[in-house]
Amino acid sequence: IPEDPADKLLLASWGLPKAVLEKYHSLGVVQMFEWQAECLMLGQVLEGKNLVYSAPTSAGKTLVAELLILKRVLETRKKALLILPFVSVAKEKKCYLQ
């Protein structure tokens with residue numbers, strides 16, 4: 001969790017590898033919404049505890065999930081399973097996450 005509350009919205013403040021940050025930046029994602037950062041700071045979510053959250057379509061739910069998955073995969077060196085609701089979304093994420 002970023003020490004300075006002003007930095008909590010910046011992706012660069014969350015300890016992501018440079019290559020991941022560059023990919024997000026190339027897609028125009030430099031910072032999160034306030035609610036996304038709050039989700040990441042809830043309880044022990046960053047240590048692998050469960051998180052249930054809800055937001056409207058296209059609000060940015062996937063970014064929260066991606067950041068949590070990336071963090072766990074990089075820390076544990078284990079695989080992750082990302083379940084998506086539609087084939088088109090799954091194909092898009094496959095290309096995006098590669």
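The values are calculated or read from the model by the stated rules, or taken from the named source; none is laboratory data. Nothing here was measured: the structure is a model prediction, and the numbers come from that model. In this analysis, Cβ positions are derived from the backbone assuming ideal geometry, glycine residues included, and neighbour counts consider all displayed protein chains. Ligands, DNA and RNA are excluded from the accessible area calculation, which covers all protein heavy atoms including side chains. Shrake-Rupley method; radii C 1.70, N 1.55, O 1.52, S 1.80 Å.
Observations on the structure shown:
- For the stretch 65-98, filtering for residues that are under 16 Å from LEU27 (Cα atoms) and open to solvent by less than 60 Å² (accessible area, probe 1.4 Å) leaves 4.
- Selection count, the stretch 16-50, where residues are loosely packed, with under 14 Cβ neighbours inside 10 Å, closer than 17 Å to LEU74 by Cβ and of a type outside the set (Asp, Glu): 4
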